[in-house]
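A quick write-up on the structure given underneath.
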């Protein structure tokens, strides 16, 4: 039976927070809002853009949230790829796992074409067998649809799958999909916040992942 390790993208494999902050504040100001605090924006990374708008403004208007999404995406098309930096060694580890025989995937709210652009800009062949972006699903994390879709494409079962991510949305999606979750502390979520989700493991960075997998029975 094939074994799979799936990964979130933002704050797990790359850091696009500087670009996200710029794009969020651009969209907010275009809609007549004040700029949001950088830390507040960082805590929304990984959530859908509609939810991000709701959380930062308190405005639950579906129409305004859709306008926010379009403004964000338009600005992101111009700046996101160039402003995203790789987390040291993270993508190398994904590639190494694939070479070791694991099926690998990326499951994220970021659009798939954006991920492909970032990899191409850094001259990195895709380290994953499958990429499921926010534009590939109806429901983004914490809904499990992305993980379930990746497992179906990889022909793997929940029992043979681990999901690695940095946020509570990642943890919730893993639980919903019935897969083990490994929390990585490279984002803005602290160890104590993950406790109630009973993760399989909590690691400080991706370099600790191979040792955890070796002892996981996966």
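Given axes a ≥ b ≥ c from the Cα gyration tensor, I'd like to know whether region 70-218 is rounded (a/c under 1.5), prolate (a/b larger than b/c) or oblate. Rounded shape, in that the Cα axes give a/c under 1.5. Counted by neighbouring Cβ atoms within 10 Å, the residues 218, 13, 56 run from fewest to most as 218, 56, 13. Model label points for residue 216 and residue 79, set 7 angstrom from Cα along the Cα-to-Cβ axis, are 3.6 nm apart. Taking every alpha-carbon pair under 8 Å whose residues sit at least 6 apart, region 74-136 reaches a relative contact order of 40 percent. One Cα centroid belongs to region 59-92, the other to region 138-168; the line between them spans 22 Å. Antiparallel beta bridges, as assigned by DSSP with both residues in the chain, represent about 10 percent of the total such bridges. Between helix 112-121 and the chain there is an angle of about 80 degrees, using the helix long axis and the longest principal axis of the Cα atoms. Our summary gives region 17-83 a relative contact order of 42 percent, counting only alpha carbon pairs under 8 angstrom and 6 or more residues apart. For 35, 141, 47, the sequence from fewest to most other C-beta atoms within 10 Å is 35, 47, 141.
Taking only Cα atoms, what is the 0 to 90° angle, nearest 10, from helix 168-177's long axis to the longest principal axis of the chain? That works out to roughly 50 degrees.
With coordinates expressed along the principal axes, the C-alpha atoms belonging to region 17-83 extend over 31, 22, 20 Å, beginning with the largest. Considering helices alone, the calculated mean residue ellipticity of the chain at 222 nm is -13500 deg cm²/dmol, with DSSP H runs of length four and up weighted by -39500 (n - 2.57) and normalised per residue. Measuring nothing but how far apart in sequence close Cα pairs (under 8 Å, 6+ apart) lie, relative to its length, the chain scores a relative contact order of 24 percent. The C-alpha atoms of the chain define a longest principal axis, and helix 17-30 lies at about 30 degrees to it.
For 28, 49, the sequence from fewest to most other C-beta atoms within 10 Å is 28, 49.
Computed from the coordinates by the stated procedures, all read-outs in this text should not be read as laboratory data. This structure is a prediction, so every number in the text was calculated from the model and none was measured. Positions of Cβ are generated from backbone atoms using ideal geometry, with glycine treated the same way; all protein chains shown enter the neighbour counts.
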